[in-house]
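To start, the structure itself, in structure tokens.
The values are calculated or read from the model by the stated rules, or taken from the named source; none is laboratory data. Note that the coordinates shown come from a computational prediction; the quantities given were computed from them, not determined experimentally. Neighbour counts run over all protein chains shown; Cβ positions are idealised from the backbone, glycine included. Please note that ligands, DNA and RNA were not included when accessible areas were found on the heavy atoms of the full protein model with its side chains. Shrake-Rupley method; radii C 1.70, N 1.55, O 1.52, S 1.80 Å.
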Amino acid sequence: MAAKYSNQSRYAVAVDCIVFGYDGQNLKILLIKRALTPLKGRWSLMGGFVAKNESADQAASRILASLTGLTDIYQEQFYTFTNPDRDTQERTVSIAYFSLIDIKKYREILSDAYQAEWFSIKDFPNLIFDHEEMVKMAKKRLQYKATSHAILFELLPDKFTLPLLQSLFEDVFETGFDKGNFSRKMLSTGLLQKQRDKDKTGSKKGAYFYKLDRKNYQQNLHKILKLVPNPNNIL
């Protein structure tokens with residue numbers, strides 16, 4: 001049996017999950033009240049420790065499922081937080097992930113059983129440790145990734161209208177888009193499939209539903225760049 005590394009410190013390894021959701025009007029993050037001391041009862045991201053027999057990815061999926069009931073959702077590792085003083089209890093390295101969901105689709109899962117709550121990305125309570133820094137960095141990562149990948153569609157229902165899609169892009173990138181230009185550019189990407197039915201909740205005329213064309217998704221990914229103002233300045 002090989003000898004263990006000698007004279008090396010041992011640290012705790014944690015994962016923290018920033019769950020982004022969209023309710024049709026605002027980009028939000030999912031928070032939960034911390035169950036451990038110190039800072040028990042304070043608002044926190046979904047977090048926990050990596051077990052000896054699992055990878056960070058496996059730990060993130062397990063922890064998210066145990067704290068929120070969410071499974072099989074988009075999840076991406078984006079940064080490792082290593083400040084020696086980030087956890088007041090002991091030295092803890094945290095591997096951070098962000099996830100994307102359609103809030104309405106998972107509303108029943110995120111019931112009172114888990115006591116998780118949604119807050120606007122623009123107005124959320126004070127968080128423990130460096131979790132606010134994690135949220136800000138996750139938002140930047142989401143903006144950056146969305147300039148070259150159609151990941152924002154993970155925040156939408158299977159069928160959506162162009163006005164809803166535009167509202168999402170405006171909230172994520174914190175900017176306004178001209179309605180005509182946005183529709184024209186989005187349709188020119190080849191990413192959307194027009195449906196026969198309409199959403200008439202907002203007007204009698206209604207707006208056609210669209211779906212993401214997953215068959216031609218990969219070959220048209222780069223075209224999403226045309227939609228975003230100054231994509232090179234996001235990060």
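When you look at A3, is it within 30 Å of D123 (Cβ to Cβ) and either out of contact with any strand residue (DSSP E or B) (no Cβ under 6 Å at 6 or more places or on another chain) or touching a residue at least 24 places away in the same chain (Cβ under 8 Å) (or both), yes or no?
Details: within 30 Å of D123 (Cβ to Cβ): no; either out of contact with any strand residue (DSSP E or B) (no Cβ under 6 Å at 6 or more places or on another chain) or touching a residue at least 24 places away in the same chain (Cβ under 8 Å) (or both): yes.
No; evaluated as a whole, the condition is false for this residue.
Screening the candidates T82, T68 for the property of being in contact with a strand residue (DSSP E or B) (Cβ under 8 Å, 6 or more places away or on another chain) and within 21 Å of K40 (Cα to Cα) yields one hit, T68. The set of residues in region 136-163 being touching a Leu at 6+ places or on another chain (Cβ under 7 Å), among the aliphatic types (A, V, I, L, M) and in a helix (DSSP H, G or I) consists of A146, I151, L152, L155.
Note on region 115-154: residues that are hydrophobic (A, V, I, L, M, F, W, C), open to solvent by less than 20 Å² (accessible area, probe 1.4 Å) and either touching a Ser or Thr at 6+ places or on another chain (Cβ under 9 Å) or farther than 11 Å from V172 by Cα (or both) total 9.
Inspect all residues belonging to region 141-161 and state whether any of them is within 21 Å of G47 (Cβ to Cβ) and either in contact with a Phe, Trp or Tyr (Cβ under 6 Å, 6 or more places away or on another chain) or free of Cβ contacts under 8 Å to residues at least 24 places away in the same chain (or both). Checked region 141-161: at least one residue is within 21 Å of G47 (Cβ to Cβ) and either in contact with a Phe, Trp or Tyr (Cβ under 6 Å, 6 or more places away or on another chain) or free of Cβ contacts under 8 Å to residues at least 24 places away in the same chain (or both). Exactly one of these conditions fails for Q8: (1) touching a residue at least 40 places away in the same chain (Cβ under 8 Å); (2) open to solvent by 100 Å² or more (accessible area, probe 1.4 Å). Give me its number. All conditions pass for Q8, except number (1).
Tell me, which residue of region 172-190 that is closer than 20 Å to I151 by Cβ and among the small types (G, A, S) is least open to solvent (accessible area, probe 1.4 Å)?
Restricting to residues being closer than 20 Å to I151 by Cβ and among the small types (G, A, S), the top hit is G190.
For region 123-135, a tally of residues being in a helix (DSSP H, G or I) and either closer than 30 Å to Y208 by Cβ or β-branched (V, I, T) (or both) returns 1. Taken over region 67-114, the criterion of being open to solvent by less than 30 Å² (accessible area, probe 1.4 Å), within 16 Å of D16 (Cα to Cα) and of a type outside the set (S, T, Y) is satisfied by G69, L70, E76, F81, R86, D87, V93, I95, A96, F98, L100. Yes or no: E170 more than 23 Å from S94 (Cβ to Cβ) and assigned to a helix (DSSP H, G or I)? So E170 passes the test.
Listed by position, the strands (runs of 3 or more DSSP E) contained in region 4-110 that have at least 3 residues being within 18 Å of the chain's Cα centre (by Cα) and among the aliphatic types (A, V, I, L, M) are 12-22, 27-33, 92-102.
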